[in-house]
């Protein structure tokens, strides 16, 4: 039998890495410290627990880089995408899931795999021998982070990430709010009515911004200097950047018509997305926050339709750790100073569930191939996975390295000599090229 592959962390990346390696015939030992050792953000001991949003974002694989990443993971028979499909919720053009059954299903599939064994323990030191993938996510334990610092001599980089609140659906006033996906997007009625919308007029919006700016917020300890990831900014930070920022971000009113008062154009709209299959829970889209709990309740109840809302979970903020991957990792995602160790997931400097799982998929396949005596190169940079791994392992500027979502700006430019392409045609050209290149890579 082949040597074992040890994987530290059973989040999105670790779960996908374990599945891919085991499916290639390599025995896997999956180390997970939860539930024995908890974290600020996790609630359970399930694998692939979604601690922030329940959305894998856009599922459009023809004109969206995230949707393309979904396509590539499905083509590679990814476990995360398979389980997401099994527990999908209506969300317009997005791929949202019922988070608890999703995590339970991922956990069940991994525990049932004959080549995967699970060890519930904290790994505190970087191993010097054996085959390892460290996929501890942004909430890497302090002991393991210290071991990495001691080995590399480099301080881990960090940013602050925030969590949005969840509301009980029965407490939303549907005489004020209405159901509609932006621009009525979706092929079914469920998809076209996947979001609950709460309208604000100008006066209500201005009062909301005032309250948001004045609210008591979580203070950081002295010496904390980490910034925020721009894709997950707390709403207070957005408001501080300008009073209109939220109205052009998560509260933009475009593409929505109030079914109660179709003649009235809202000044701003707060959207809520279904968080479970039963439709009893909805999360407030884009409303990550660092307000203290008491302030959150008071401020969010100013939103029309949420005056009597009850919250299943309030928002919060936590510190995310990541590596300076362009300096520390090679193009096979191995630690240059200790090549028996690969890193995967958010700790490498990718941001988002999908990106994390995709890097786990790559690390799992690369590690398994190496154990089986083969060298597996990364996918071509024209693919979504290839563009991401190229960025984090050398394409990015090391001095200014920050977490990155997948986007077409990471791809080699499309040759447009045949004339100027419209944006939609150009994006379709990117995805067509990527699918062909990824299919060829899979078959090599």
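Just so you know, all these numbers are worked out from the coordinates, no wet-lab data involved. None of these values were measured; they are calculated from a predicted model. Cβ sites come from the backbone with ideal geometry, for glycine too, and all protein chains shown count toward neighbours.
Computed quantities for the displayed model
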read-out: Principal-axis tilt of helix 142-152 within the chain, Cα atoms, nearest 10 degrees; value: 50
read-out: Cα→Cβ-extended label distance, 7 Å offset, between residue 308 and residue 240, nm; value: 3.6
read-out: Least to most buried among 427, 353 (fewest other Cβ within 10 Å first); value: 427, 353
read-out: Rounded to 5, percent antiparallel among DSSP beta bridges of the chain; value: 65
read-out: Debye log10 I(q)/I(0) at q = 0.09, 0.11, 0.14 Å⁻¹ for the chain, Cα point scatterers; value: -0.58, -0.88, -1.36
read-out: Length released on extending from residue 151 to residue 129, taking residue separation times 0.36 nm less the Cα-Cα span; value: 6.5 nm
read-out: Rounded tilt (10° steps) of 12-23 against the dominant C-alpha axis of the chain; value: 40
read-out: Cα-based helix-to-principal-axis angle, 353-371 vs the chain, degrees rounded to 10; value: 10
read-out: Theoretical gain in end-to-end length, residue 216 to residue 330 [0.36 nm per residue, Cα-Cα removed]; value: 36.7 nm
read-out: Cα gyration tensor category, rounded, prolate or oblate, for segment 162-319 with a/c compared to 1.5; value: prolate
read-out: Global form of segment 292-431, assessed from the alpha-carbon gyration tensor, a/c cut-off 1.5; value: oblate
read-out: Computed FRET value (nearest 0.05) for residue 398 with residue 121, which takes r as the C-beta separation and R₀ as 35 Å; value: 0.60
read-out: Helical mean residue ellipticity (222 nm; -39500 (n - 2.57) per DSSP H run of 4+; nearest 500) of the chain; value: -9500 deg cm²/dmol
read-out: Neighbour-count order for 117, 128, fewest beta carbons within 10 angstrom listed first; value: 128, 117
read-out: Computed lengthening from residue 190 to residue 111, 0.36 nm per intervening residue step minus Cα-Cα distance; value: 25.1 nm
read-out: Peptides ranked, highest mean first, by Cβ atoms within 10 Å: ranges 75-83, 204-212; value: 75-83, 204-212
read-out: Ranked 423, 332, criterion: other C-beta atoms within 10 Å, fewest first; value: 423, 332
read-out: Distance from segment 338-353 to segment 258-304 (C-alpha centre basis), Å; value: 34
